[in-house]
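Worksheet for the structure shown next.
Nothing in this text is a laboratory measurement; each read-out follows from the coordinates by a stated rule. As the structure is a computational prediction, the values presented were derived from the model and not from experiment.
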Amino acid sequence: MAVGWSKDGAVQDQIDATVEAAVELAKSRLPAGESRAHCEECEAAIPEARRKALPGVRYCVACQAELEKKLKAAALYNRRGSKDSQLK
């Protein structure tokens, strides 16, 4: 059971930590390296314009959209474990 007061700026520290974690997650998902000519999932050709616009691309537009839907669904769960982060 928690007792007492939290230190000044505790809420802001939690907000900062949440934003920092989201930024790091986004950076980790950015593709890197040389783009593939064919999609890793369906083997469809990836257009040259897409490969130039997004270096390190590995999926065609359709497969990338499906992957992002799955990632978004998984991100809806609060995994931080802090009681305060679950209050909305």
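Annotation: extensible slack from K27 through E43 equals 3.2 nm (criterion: 0.36 nm per residue apart, minus Cα-Cα distance). Between amide H atoms placed 1.01 Å from N, distances below 5 Å from S35 occur with G56, V57, all of them 5 or more places distant or on a separate chain. For region 10-76, the Kirkwood radius over C-alpha pairs fed into Stokes-Einstein at 10 °C and 1.306 mPa s yields D = 116 µm² per second.
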